[in-house]
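The structure appears right after this line, and notes come after that.
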Amino acid sequence: MKGLSGYLLYRFLAEVLGRLPPAVVSRGGRWIGRLLSYAAAERLALARRHMRRVLGSEPSEGEITEAARQMFGWYGRYWAEVFWFRASRTDWILEHVDVEGEVPVFAARDAGRGIIFAVAHLGNWEVAAPFSNSLGLPIMSVAEELPNRRITEWFIQTRAEYGIEIFIAGRGSPLTSLARGLKEGKVAALVADRDVTGTGVEVDFFGERTTMPMGPAALAEMTGAALFPIGTFFDGDRYRLVAYPEIEPADHENRAERVALRTQVLAHAFERIIGEAPTQWHLFQPNWPSDRTWVEERQ
């Protein structure tokens, strides 16, 4: 959505949804998202491809289609909650998040190490920020430059109200800024299951070769920060945030190879995390080379 009209629509949705009870927002968002699956045939077809990879060969075609429609539903809930969330509701968010596996995160914090959260487009990953801030750890992240600059600036402002420092890809050197922040004791929360720039490293992901961002592993190598895969799941009307075991440095003399090997371990961790709630994975873009070929053939 470009121009002033797109920006005003975002602000309107934030204003309207922000006045509704949270249960209405969450359930209504899921219902609307599912309805949109009937109007987005191409996106639904691509979602079916992704679900077929994640679910394997056992489900029927009907079950795969149903899983893809559920993806739309969960994605609708995510966006509805994005518009509802705001800094004044941080306490409410924390009261509705159940946290697991946090002891190693505390240990890394107490040891004075930087912390990197590697997050997938799963559930509502926005809840990771209030959790991190509750530990007294300022959080940083990287976002794409949106076509609508007004929306980008609004996004930066609203995240700043949460205490999240956003670096925009393409503006300066986000990697350098993140590394500096990690050395100051901040947390880098990076959504890392999709290679947006096309400059990632090759990995095997759900049985097929593709690329994945090297940022989390590269930052860990540069700074000695602890790298934790994070799962952020919808759990009824609540949320479940899980910190999985730290991804240790790879045993290789070449730094580039260590980054690549560590990224592969992260890819396998994401397979396990996504496998816990496949339909909560918000992936509606081509993510494997065969997807891009498939899209081109359909055009």
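Residues that are surrounded by 12 or more Cβ atoms within 10 Å (Cβ to Cβ), modelled with pLDDT of 95 or more and hydrophobic (A, V, I, L, M, F, W, C) do occur in the stretch 58-65.
Any idea how many residues of the stretch 11-58 are of a type in the set (Gly, Ala, Ser) and part of a helix (DSSP H, G or I)? Steps first, please.
If we filter the stretch 11-58 for residues that are of a type in the set (Gly, Ala, Ser), which is where we start, we get 14, 18, 23, 26, 28-29, 33, 37, 39-41, 45, 47, 56-57.
From the residues that got through so far, the ones that are part of a helix (DSSP H, G or I) too are 14, 23, 26, 28-29, 33, 41, 45, 47.
Final tally of qualifying residues: 9.
In this structure, ALA143 does not qualify as touching a helix residue (DSSP H, G or I) at 6+ places or on another chain (Cβ under 7 Å), modelled with pLDDT of 80 or more and under 22 Å from TYR75 (Cβ atoms). Criterion first (over 20 Å from PHE284 (Cα atoms), small (Gly, Ala, Ser) and in contact (Cβ under 8 Å) with a residue 24 or more places away in the chain) does GLY33 satisfy it? Answer is no for this residue. Here the stretch 114-137 is the region considered, the condition is being over 12 Å from the mean Cα position of the chain (by Cα), surrounded by 16 or more Cβ atoms within 10 Å (Cβ to Cβ) and not hydrophobic (A, V, I, L, M, F, W, C), and the residue that is nearest to ALA14 (Cα to Cα) is PRO130.
Yes or no, residue by residue, for (1) over 24 Å from PRO213 (Cα atoms); (2) at pLDDT 80 or above; (3) not polar (S, T, N, Q):
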| site | (1), (2), (3) |
| --- | --- |
| ALA111 | yes, yes, yes |
| ALA129 | no, yes, yes |
| GLY163 | yes, no, yes |
| LYS183 | no, yes, yes |
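The set of residues in the stretch 237-263 being polar (S, T, N, Q) and under 22 Å from ALA108 (Cβ atoms) consists of THR263 alone. Could you tell me whether LEU283 is within 26 Å of TYR239 (Cβ to Cβ), buried (at least 18 other Cβ atoms within 10 Å of the Cβ) and in contact with a His (Cβ under 6 Å, 6 or more places away or on another chain)? Yes, satisfied. The set of residues from the stretch 280-299 being assigned to a loop (DSSP other than H, G, I, E, B) and either without any contact (Cβ under 8 Å) to a residue 12 or more places away in the chain or in contact with a Ser or Thr (Cβ under 7 Å, 6 or more places away or on another chain) (or both) comprises ASN287, TRP288, GLN299.
The values are calculated or read from the model by the stated rules, or taken from the named source; none is laboratory data. These figures come from a predicted structure and were not determined experimentally. For neighbour counting, all protein chains shown are included, and Cβ atoms are generated from backbone atoms with ideal geometry for every residue, glycine included.
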